[in-house]
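Contents: one structure, followed by commentary.
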Amino acid sequence: MRKYIQYLLWACLCLVVGTSCENEDFLYQDEARVRMEGPSEWTLDTDSLEFSFVSYPDTVTEMVMNVTLHVMGYTTDYDRTAAVAVVADKTTATPDLYELPDSVTIPAGQNQGICPVVLKRAPVLEETPVRLYLQVVPSADFAPGVMEQDHLLLKWNDIISRPSNWDDLEEFFGTYSDAKYRFILNNTGVTKFDTDEMSWAKLNNYRLLLINALNEYNAAHPDSPILDENTGLPISFDN
């Protein structure tokens with residue numbers, strides 16, 4: 001019985017090793033392949049990326065996401081080209097909302113190349129999020145790699161929403177409106193007003209800063225004040 005168990009264990013080991021070798025031959029020797037990864041700070045090791053322009057000033061009109069194509073195989077002493085395509089039926093972003101290269105160069109001696117994907121800001125994003133689905137496609141040098149990493153979904157928007165702690169902020173900034181909050185974000189550089197961390201004095205300083213910024217804006221745009229979308233009246237930080 002003991003010898004039989006040892007035989008089974010040996011057979012299982014051979015099966016695992018054999019399968020691993022077959023997969024390695026498939027991925028590394030049979031045909032060069034590439035897999036796709038988004039920037040880790042946005043994807044968190046998943047196959048999708050989410051980004052919002054909301055916390056960036058209006059002067060930021062685009063964001064570059066460097067997508068990496070990793071070679072599944074050996075390096076070569078010559079440049080190679082990988083290809084990425086947009087999957088139309090899984091994409092809602094119109095072509096004017098993004099840019100990406102027609103091909104990606106994997107330099108000689110390297111096992112990866114960068115595909116810069118430019119996400120663009122536009123008024124439509126203030127109402128509707130968009131999606132861009134990218135897929136590795138065959139090129140003269142590479143076939144797509146493993147199914148789990150042959151694609152990447154990028155989602156972005158510019159949709160603003162009322163902070164959950166606005167009741168605590170109302171003392172400093174007044175009644176909430178999307179227009180007012182966007183002005184706050186654009187003129188303070190603060191993406192989150194944490195009333196548990198920020199002192200009364202600091203929040204009041206932001207209020208004074210915003211009053212001055214709004215006065216400057218109104219002086220420069222006397223015929224086009226920023227209007228509260230709820231009341232139709234100009235926004236104000238005076239309590």
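The values are calculated or read from the model by the stated rules, or taken from the named source; none is laboratory data. Computed from a predicted model, the values in this text were never measured in an experiment. FYI the Cβ positions are ideal-geometry reconstructions off the backbone, even for glycines, and counts take in every protein chain you see. All accessible areas refer to the heavy atoms of the entire protein, side chains included, with ligands and DNA or RNA removed. Shrake-Rupley method; radii C 1.70, N 1.55, O 1.52, S 1.80 Å.
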Those residues of region 22-47 which are acidic (Asp, Glu), under 20 Å from Val137 (Cβ atoms) and at pLDDT 80 or above, in sequence order: Glu31, Glu37, Asp47
Subset of region 156-206 (residues that are crowded, with 18+ Cβ neighbours inside 10 Å and basic (Lys, Arg)): Lys180, Arg182
Matching residues, region 71-97, being touching a residue at least 60 places away in the same chain (Cβ under 8 Å), surrounded by fewer than 17 Cβ atoms within 10 Å (Cβ to Cβ) and either of a type in the set (A, V, I, L, M) or within 14 Å of Leu152 (Cα to Cα) (or both): Val87, Lys90
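Going by the conditions given, is Asn187 farther than 17 Å from Val54 by Cα and either in a helix (DSSP H, G or I) or not β-branched (Val, Ile, Thr) (or both)? Spell out the reasoning first.
Numbers: farther than 17 Å from Val54 by Cα: no; either in a helix (DSSP H, G or I) or not β-branched (Val, Ile, Thr) (or both): yes.
For Asn187, the condition - farther than 17 Å from Val54 by Cα and either in a helix (DSSP H, G or I) or not β-branched (Val, Ile, Thr) (or both) - is not met.
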Residue within region 128-136 that is modelled with pLDDT of 95 or more and not in a strand (DSSP E or B) present: yes
Residue that is farthest from Thr61 (Cα to Cα), among those in region 105-116 that are touching a Pro at 6+ places or on another chain (Cβ under 9 Å) and open to solvent by less than 40 Å² (accessible area, probe 1.4 Å): Gly113
